[in-house]
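Read through the structure below, which is laid out as structure tokens, and then see the notes.
The values are calculated or read from the model by the stated rules, or taken from the named source; none is laboratory data. Quick caveat: nothing in here was measured; it's all calculated off a predicted structure. Positions of Cβ are generated from backbone atoms using ideal geometry, with glycine treated the same way; all protein chains shown enter the neighbour counts. With ligands, DNA and RNA removed, areas are computed over all heavy atoms of the protein, side chains included. Shrake-Rupley method; radii C 1.70, N 1.55, O 1.52, S 1.80 Å.
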Amino acid sequence: KSPDELYLKIADMQYHGTSNVSVLNDTISIKALEKRGFPRSDAIGYAMASCVDLCIPAKTGSIAFSAVLLCRIFDMTLRNGEARTLVGRVKGAGLNTGDPDSFKSYEELEEAFVKQVGFQIKQIADAAYIRDQAFADYLPSPHISAFVQGPLEKKTDITRGGGVYDLEGILLSLIHI
């Protein structure tokens with residue numbers, strides 16, 4: 001039920017190169033949070049933690065997201081697990097899923113892509129665990145913990161899961177960087 005003037009202003013901003021305007025639907029965002037187990041009383045007070053990530057202010061501890069760049073992974077699939085970068089190819093960046101020229105069907109290409117995505121998600125999850133452990137061990141946040149609900153009661157820093165909520169996720173992106 002947003003006014004047409006708002007949509008026109010957003011369209012004009014995007015037309016002129018401003019691509020960081022987020023248009024959210026409260027009804028959908030609140031339902032999404034409730035579906036993930038957040039009580040309605042918290043869900044209705046959500047805020048944006050970055051461009052697309054929802055959080056509950058003063059209750060969300062660590063926020064860490066990683067991205068799976070699907071176009072990049074498809075490119076790696078077409079290069080049998082090698083990554084193309086500005087400085088050239090990187091061998092061993094992904095799985096060897098076979099030479100795409102040898103695939104006999106679309107299904108074989110799709111199977112190779114799905115394997116490559118699974119491998120990349122596992123790599124990201126493993127790296128995220130190491131990152132989170134490093135933050136907890138070497139970069140605790142007692143000052144931030146003091147302003148978030150949970151750490152005081154739990155006697156646990158937010159980098160170790162002290163907040164009421166912790167957010168960790170893997171975003172899927174179609175953008176090729």
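Averaged per residue, what accessible surface does the chain expose to a 1.4 Å probe, in Å²?
Working: 12150 Å² over 177 residues.
Heavy-atom accessible area per residue stands at 69 Å².
Which is farthest toward the positive dipole end of the chain among Val23, Gly163, Pro57, measuring Cα position about the Cα centre, with Cβ charges +1 (Lys, Arg) and -1 (Asp, Glu)?
The one lying farthest along the dipole's positive direction is Gly163.
Roughly how many debye, to the nearest 20, is the charge dipole of the chain about its Cα centre, given +1 on each Lys and Arg Cβ, -1 on each Asp and Glu Cβ, and no other charges?
280 debye
Between Gly17, Gly37, Gly81, where does the largest GNM mean-square fluctuation fall for the chain, given springs only between Cα atoms within less than 10 Å?
Gly17
Report, in listed order, any pair from Lys35/Lys154; Lys59/Lys122; Lys31/Lys154; Lys115/Lys154; Lys31/Lys115 with a Cα-Cα distance greater than 30 Å.
Going by Cα-Cα distance, Lys115/Lys154; Lys31/Lys115 fall outside the 30 Å limit.
With N set to the number of residues, divide the alpha-carbon radius of gyration of region 1-100 by 2.2 N^0.38 Å and report two decimals.
Numbers: Rg = 19.9 Å, N = 100, 2.2 N^0.38 = 12.7 Å.
Cα Rg divided by the expected 2.2 N^0.38 Å: 1.57.
Within the accessible area of the chain, what % is carbon and sulfur when the probe is 1.4 Å and the other protein chains stay in place? The partial results should precede the final answer.
Details: 7220 of 12150 Å².
Whole-percent figure for carbon plus sulfur exposure: 59.
Choose one of Thr85, Leu70, Val148: the residue whose Cα lies farthest towards the positive end of the charge dipole of the chain (beta-carbon charges +1 Lys, Arg; -1 Asp, Glu; about the Cα centre).
So the residue we want is Val148.
Run the quick spin-label model on Ser66 and Ile124: label points 7 Å from Cα toward the beta carbon, then report their separation in nm to one decimal.
0.8 nm
Just to verify a number: FRET efficiency for Val23 and Asp99, C-beta to C-beta distance, R0 = 41 Å, to 0.05? Working shown, then result.
Numbers: r = 43 Å, r/R0 = 1.05.
Result of the calculation: an efficiency of 0.45.
Rounded to the nearest 500, what is the 222 nm mean residue ellipticity of the chain from helices alone, with -39500 (n - 2.57) per DSSP H run of 4+ residues and division by all residues?
-13000 deg cm²/dmol
When you count, for each residue, the other Cβ atoms within 10 Å and take the mean per peptide, how do 2-13, 137-148 rank with the highest first?
The most tightly packed comes first, giving 137-148, 2-13.
If you stretched the chain out fully between Lys154 and Ser41, how much longer would it get, using 0.36 nm times the residue separation minus the C-alpha to C-alpha distance?
Computed gain between Lys154 and Ser41 is 38.5 nm.
Is the shape of the chain rounded, prolate or oblate, going by the alpha carbon gyration tensor and its root eigenvalues a ≥ b ≥ c, with a/c under 1.5 for rounded and a/b larger than b/c for prolate? Numbers along the way, then the final one.
Numbers: a/c = 2.30, a/b = 1.37, b/c = 1.68.
Because a/c hits 1.5 or more and a/b fails to exceed b/c, the chain counts as oblate.
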